[in-house]
Amino acid sequence: ARLVVLLSGSGTNLQALLDAIERVGEESYGARIVAVGADRDGVAGLERARRAGLPTFVCRVKDHTDRAGWDAALAEATAAHAPDLVVSAGFMKIVGSEFLARFGGRLVNTHPALLPSFPGAHGVRDALAYGVKATGCTVHFVDDGVDTGPIIAQGVVEVRDEDDESALHERIKEVERRLLVDVVGRLARDGYRIEGRKVRVPA
Ligand code: GRF
């Protein structure tokens, strides 16, 4: 399968995918990353992509007259690489109807909380503030809501009394990177079915 990864920041999830594919080989993993896109320049994730020799593209909202124009441009730039699966790994923008029309059903996102709890851009901070004793991460299909699409897999992470946001987020990311690598590989190799809100991925 051809993967396009979208990101906005450090790109450690991208790196986990790159390292896994490097370790087991594209054939046995079942996928290869063909391009990396971002909504902003100058992020470490783009550097990681360039170091891996991957094509990159940047679609900034401010370069477009409106959000729909940005959404269409992002869809075009992504489609240019003919992905089978698009992985949003720390991509901090909500895609619109054009992008969903083209990639819905093969667009997955990873979120650093146990959805439906703590959706949105501050899932780690919100979980910490709420005082939960367990949180985690969720890999899900993207639908037209914010972090509301059918859930594919989740990983649980304990919250420690001494945690601050960055310590907790780092502990979540350790689980999240493994979860994402596992899920993307299975989706690429074994396919999946979505029945209503239930996602079935062969074990
Ligand atoms: C991940 O925890 C993702 O769930 C959240 O932002 C983080 C991105 O981390 N949306 P990285 O850029 O992959 O290191």
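The values are calculated or read from the model by the stated rules, or taken from the named source; none is laboratory data. If you're wondering where the values come from, they're calculated on a predicted model, not measured in any experiment. Neighbour counts are summed over all protein chains in view; Cβ atoms, including those assigned to glycine, are modelled from backbone coordinates with ideal geometry. SASA here: full protein model, heavy atoms, side chains in, ligands and nucleic acids out. Shrake-Rupley method; radii C 1.70, N 1.55, O 1.52, S 1.80 Å.
Using the Karplus equation 6.51 cos²θ - 1.76 cosθ + 1.60 (θ = phi - 60°), what ³J(HN,Hα) coupling, rounded to whole Hz, does each residue of region 61-69 give in order, writing x for Gly and Pro?
4, 6, 7, 10, 5, 8, 5, 5, x
Show me, for region 90-96, the HN-Hα J-couplings you get by feeding each phi into the Karplus relation (A = 6.51, B = -1.76, C = 1.60, θ = phi - 60°), rounded to Hz, glycine and proline as x.
x, 8, 9, 10, 8, 6, x
What does the charge dipole of region 78-195 about its Cα centre add up to, to the nearest 20 debye, if the Cβ of each Lys and Arg holds +1 and the Cβ of each Asp and Glu holds -1?
400 debye
Going toward the positive end of the dipole of region 26-184, with +1 on Lys and Arg Cβ and -1 on Asp and Glu Cβ, which of Thr65, Val34, Val181 do you reach last?
It is Val34.
Magnitude of the Cβ-charge dipole of region 1-109, K/R +1 and D/E -1, about the Cα centre, nearest 20 debye?
Details: 13 positive and 13 negative charges, 27 e Å.
That gives region 1-109 a dipole magnitude of about 140 debye.
To make sure I understand the rule: partners must be lysines, Cα under 18 Å from the Cα of Lys133, and not fewer than 8 residues away in the same chain. Which ones qualify?
Lys173
Could you tell me which of Ala167, Gly9, Phe99 has its Cα farthest along the dipole of the chain towards the positive end, charges placed at Cβ (Lys, Arg +1; Asp, Glu -1), taken about the Cα centre?
Of the listed residues, the answer is Phe99.
Cut-off under 18 Å on the C-alpha distance; same-chain residues fewer than 8 positions from Lys93 excluded. Which lysines are left, in chain and number order?
Lys62
Among the DSSP beta bridges whose two residues both lie in the chain, what percent are antiparallel, rounded to the nearest 5?
Beta bridges within the chain, antiparallel portion: roughly 45 percent.
Once you charge only the Cβ atoms, +1 for Lys and Arg and -1 for Asp and Glu, what is the size of the charge dipole of the chain about its Cα centre, to the nearest 20 debye?
Once rounded to the nearest 20, the dipole reads 460 debye.
Once all Cα-Cα distances of the chain are split into 10 Å bins that start at 0, what whole-number percent is in each one?
For the chain, the binned pair fractions read 9, 36, 38, 16, 1 percent.
At 1.4 Å probe size, with every protein chain present, just tell me what the per residue accessible area of the chain comes to in Å².
47 Å²
Semi-axes of region 16-82's equivalent ellipsoid from the Cα gyration tensor, sqrt of 5 times each eigenvalue, largest first, rounded to whole Å?
27, 14, 8
Return the calculated 222 nm mean residue ellipticity for the chain, to the nearest 500 deg cm²/dmol, obtained by summing -39500 (n - 2.57) across DSSP H runs with n ≥ 4 and dividing by the residue count.
Details: 7 runs with 79 residues, N = 203.
About -12000 deg cm²/dmol.
Can you tell me the Rg and Dmax of region 87-195, counting just the alpha carbons, in angstroms?
Expressed in Å, the Cα Rg and Dmax of region 87-195 come to 14.0, 44.
Using the Cα centre of the chain as origin and beta-carbon charges of +1 (Lys, Arg) and -1 (Asp, Glu), tell me which of Ala20, Leu74, Ala129 is placed farthest towards the positive end of the dipole.
The residue sitting farthest along the positive end of the dipole is Ala20.
Is the shape of region 84-134 rounded, prolate or oblate, going by the alpha carbon gyration tensor and its root eigenvalues a ≥ b ≥ c, with a/c under 1.5 for rounded and a/b larger than b/c for prolate?
prolate
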